[in-house]
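Down below is the structure, laid out as structure tokens.
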């Protein structure tokens, strides 16, 4: 698939002809294949899945289950270890809630100072049980100091939960080293892979983590679907996160027997159309090939950082040496929200704020920042336009 013509596959750029979209880390735009798959299912194939035996429902269920197989192949997972949730946030809440039942007062969880709130707040809830949370620090470049992990581990450390790729700085955490250290201590590892799956090659068998979470809408798929990889040992040990239809085997007035396997975590009517459309998003990514996406986005990041660095009043939020296709910055003397408003006048969509990473921003002594994140539809002309908009912003705020 030719990336030069890729923008034509995204209808939003036809209806918004001047749009330059730099907010893929928030949510990716959707290719026509995914939109058509949603439309086709609702028009021609809709039935609730996992409930009925008539043909329409059976075919919908088979199509839904086929997406699970597609995901397993995409991230090299194993049978019976892929759970569908609403998003990465729900996936991480599920892990924290279910694992939290094993914890007692004084037990410890280790996170990093670069965590998205989705991988901090669920663990924070466990402080009600007087569970302690420790943080692997980041340095002034925004890099997670993995070398300090060993010194944080004690015999009370029960879980290490870390971000794979930062949604603020683009930092890629050395998760292989973290997992190696944890394995030697027999400590389970949970990884928030929300920003990693579309922008790097993820092989779950190679990583050998216990949990891995990501979201469909970040990989050009629909909203409302999260994917949680959970090793079979935890699938067997965890009790259900939600109760209702679909997650039971037998119910009477005195007792309930739960469904086996991942089904016990998928209660109620599920986002069937969205899950089925996700299969088409994964095919879209596979057709381009992850290596080509990585090469394209890294080229854009290098070009953008070089051009923006030439302005004498730019402050970057960290400069990690191992980074993905995301970076954040500020224009000295201009609030991030004001700059974003100026960019928006030029049809450039750049997120401003703390990006659900207040701990990182506070550690780096920054209130908010502008974030640029790339997708397959971005090109160097988009970056040139952003630089012109930075010049316009400087002029408006009378910066030299």
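The values are calculated or read from the model by the stated rules, or taken from the named source; none is laboratory data. Treat the numbers as computed from the prediction; the structure is a model and nothing was measured. Please note: Cβ atoms are built from the backbone with ideal geometry, for glycine as well, and neighbour counts cover all protein chains shown.
Does segment 180-199 include one or more residues that are under 17 Å from residue 96 (Cα atoms), free of Cβ contacts under 8 Å to residues at least 40 places away in the same chain, out of contact with any strand residue (DSSP E or B) (no Cβ under 9 Å at 6 or more places or on another chain) and assigned by TED's automatic domain parsing to the domain that holds residue 75? Looking for residues that are under 17 Å from residue 96 (Cα atoms), free of Cβ contacts under 8 Å to residues at least 40 places away in the same chain, out of contact with any strand residue (DSSP E or B) (no Cβ under 9 Å at 6 or more places or on another chain) and assigned by TED's automatic domain parsing to the domain that holds residue 75, one finds none in segment 180-199, hence no.
If only residues of segment 278-308 that are out of contact with any strand residue (DSSP E or B) (no Cβ under 8 Å at 6 or more places or on another chain) and farther than 22 Å from residue 2 by Cα are counted, the one that is surrounded by the most Cβ atoms within 10 Å (Cβ to Cβ) is 307.
Within segment 120-133, residues that are modelled with pLDDT of 95 or more reach partners that are exposed (fewer than 15 other Cβ atoms within 10 Å of the Cβ) and part of a helix (DSSP H, G or I) with beta carbons closer than 8 Å, at six or more positions or on different chains, in the pairs 133/124; 133/127.
Criterion first (touching a strand residue (DSSP E or B) at 6+ places or on another chain (Cβ under 8 Å), surrounded by fewer than 24 Cβ atoms within 10 Å (Cβ to Cβ), within 24 Å of residue 34 (Cα to Cα) and touching a residue at least 40 places away in the same chain (Cβ under 8 Å)) does residue 215 satisfy it? No; evaluated as a whole, the condition is false for this residue. Restricting segment 165-196 to residues that are closer than 16 Å to residue 318 by Cβ and touching a helix residue (DSSP H, G or I) at 6+ places or on another chain (Cβ under 9 Å), the residue that is surrounded by the most Cβ atoms within 10 Å (Cβ to Cβ) is 166. Of the residues making up segment 2-32, those that are in a loop (DSSP other than H, G, I, E, B) and more than 21 Å from residue 216 (Cα to Cα) are 2, 16, 17, 18, 19.
If the condition is being surrounded by fewer than 24 Cβ atoms within 10 Å (Cβ to Cβ) and in a loop (DSSP other than H, G, I, E, B), then segment 197-208 contributes 200, 201, 202, 203, 208.
None of 341, 253 is out of contact with any strand residue (DSSP E or B) (no Cβ under 8 Å at 6 or more places or on another chain), in a loop (DSSP other than H, G, I, E, B), surrounded by fewer than 16 Cβ atoms within 10 Å (Cβ to Cβ) and free of Cβ contacts under 8 Å to residues at least 12 places away in the same chain except 253. Restricting the search to segment 48-63, which residues are in contact with a helix residue (DSSP H, G or I) (Cβ under 6 Å, 6 or more places away or on another chain) and either at pLDDT below 95 or over 13 Å from residue 274 (Cα atoms) (or both)? Matches in segment 48-63: 49, 50.
For segment 11-21, a residue qualifies if it is closer than 22 Å to residue 340 by Cβ and in contact with a helix residue (DSSP H, G or I) (Cβ under 7 Å, 6 or more places away or on another chain), and the qualifying residues are 13, 19, 20.
Candidates 375, 318: the one that is modelled with pLDDT under 95 and not assigned by TED's automatic domain parsing to the domain that holds residue 116 is 318. None of 241, 229 is touching a strand residue (DSSP E or B) at 6+ places or on another chain (Cβ under 7 Å), under 20 Å from residue 96 (Cα atoms) and assigned by TED's automatic domain parsing to the domain that holds residue 196 except 229.
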